[in-house]
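Read the structure below first, then the notes.
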Amino acid sequence: MLSARRRWTVLAVCCLSMFLVGLDTTIVNVGLPAIGRGLDVETRGLEWIVDAYTLVLASLLISSGALADRFGRRRVFQCGLAVFGAASLVCALAPSAGVLVAARALQGIGASMLSPVALAIVVNAMPDPKERAQAIGIWASVFGLSMAAGPVTGGALLAWLDWRALFWINAPVIAAALLLSAVFVPESRAPRARRLDLPGQVLLTVVLAVVVGVLIEGPRIGWTSPAALAGYACAAVAAAAFVRVESRRREPLMDLRLFGRPAFSGAVVGAVAVFVALNMTLLLNTLYLQHTREWTPLAAGLATLPLAVGAIVCAPWSGRMVGRTGPRLPLLLAGGFITVGALCLVRLTPHTSVPLLLAAYSLIGIGFGFANAPITNTAVNGLPPARAGVAGAITSTARQLGAAVGIALAGGLVTATSPTGLAHASRPGWILVAACGVLLFLVAHTSRAKGASTGPAPSPAR
């Protein structure tokens, strides 16, 4: 067993990589208007710049977790850092929107090797359930901080440099993470690694890509156009094929029987809901403040500081609550805060008071902070420790799916909307964010009131 100092050092290294993954999920949001001007891209193209990253990330997370369990978590972790760093350089030098979208997809490949693997490393380094719950709380806090701090960091970079600095900033973080992981992170593998499920991987990628693609392109092509109808049919067929393939494989990409456990399936649904809410909030905030109110990127980024503070303060508190009483109470608090924060903005106008805006962002940030630890802990403890990479991957897939859907929905609401009409057009988005908060109340009732962090649930029989 690692010493206490070494265990917490491993956590710090993994948190550094998680900060990078989360930061790149949202740092681009505040820079979208500047990217659009620099590369002559409209709103729909800007959505693809964000979702190319989240779609690839969501599609490959489970396979990356399985690869890490088989070939070594530190090895895959370091490979992910290298790919992510190289892709960031291509993003920074991209001469066109097409190159930038492709480089963002490559970033997603690298990020897929970081998110589930980092969580698996943390879980295996922290064998004590209470210590593990605290560590997951800190991990969730850093991840929440990175997601919320992205717009602030991006705004500051845009104030002094240009949009390419949003990607150059990754270089020193990558270098530090590579060095520290080589020195401090121990190698680990699952006692029995699973085989890769290529048919399941392809079908999952098709389902996610088609669903998000239709959401993004729907306003342009028409929701009942032949292309849209073909997209619906393709998604339905691929989803049905995925279920059939996965139910027949001895070692599936995603063991669908796990979703028969209310606590586990609830955690996955909760992860989607939380990240739909967060990403809709960030994108609608960016477009509203910069286009409608003509704020600078720095001012728009600073407006999200209350959201970041709420996430930073409440995530570790939530982790301690999970360790003591289970996930239900922090999930109820998360749902309440997100719902109230979103309802504050359902009557948004071009002249809504700044104090009300900041209060709403703060409430949503508090809810986000309370949500991550119970969702992550419940999902991780829904599988045996040997499957920690897969457990983290399923939860992270749900998060990134939520992020991609949130961006697509928010963009669809305001595509081709004038700056003066953007506030009114975004009102259904705030209703959807509130609905995500309400959904967390339902998720809370599927979770165990106590014992969610006392150990893993039994492995499903094979």
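The values are calculated or read from the model by the stated rules, or taken from the named source; none is laboratory data. It should be emphasised that the depicted structure is a prediction, and the values quoted were computed from it without experimental measurement. Cβ sites come from the backbone with ideal geometry, for glycine too, and all protein chains shown count toward neighbours. We work out accessible area using only protein heavy atoms, side chains counted, and drop any ligands, DNA or RNA first. Shrake-Rupley method; radii C 1.70, N 1.55, O 1.52, S 1.80 Å.
Things worth noting here:
- The distance separating the Cα centre of the stretch 76-103 from that of the stretch 1-57 comes to 12 Å.
- The stretch 299-359, accessible surface, carbon-and-sulfur percent (1.4 angstrom probe): 77
- Computed magnitude of the charge dipole of the stretch 28-112 (debye, nearest 20; Cβ of K, R +1, Cβ of D, E -1): 400
- Cα-based convex hull, the chain, per residue volume (Å³, whole number): 122
- On Cα atoms only, tilt of 198-221 relative to the major axis of the chain in degrees: 10
- Full-extension gain in nm, Ala233 to Leu178, via 0.36 nm per residue minus C-alpha separation: 15.4 nm
- Ordering Leu61, Val340, Gly150 by the projection of their Cα atoms onto the charge dipole of the chain, which places +1 on the Cβ of Lys and Arg and -1 on the Cβ of Asp and Glu, puts Leu61 at the extreme positive end.
- The chain, relative contact order [Cα under 8 Å, separation at least 6], %: 25
- Computed in the context of the full set of protein chains, the accessible area of the stretch 163-263 at 1.4 Å probe radius has 70% of its extent on carbon or sulfur.
- For the chain, the longest principal axis of the Cα atoms and the long axis of helix 354-380 meet at an angle of about 20 degrees.
- Computed with a 1.4 Å probe over protein heavy atoms only, the accessible surface of the chain comes to 36 Å² per residue.
- Computed from the Kirkwood radius of its Cα pairs, the Stokes-Einstein diffusion coefficient for the stretch 62-160 at 37 °C and 0.692 mPa s stands at 216 µm²/s.
- Span from the the stretch 242-287 Cα centroid across to the the stretch 326-364 one, whole angstrom: 24
- Phi-based couplings in Hz for the stretch 246-263 (Karplus 6.51, -1.76, 1.60; Gly and Pro marked x): 5, 6, 9, 8, 5, 10, x, 4, 9, 6, 5, 5, 4, 6, x, 8, x, 5
- Charge sum, other residues only, whose C-beta stays under 15 Å from Val90's C-beta, Lys/Arg counted +1 and Asp/Glu -1: +1
- Protein accessible area in the stretch 71-113, 1.4 Å probe - carbon and sulfur %: 78
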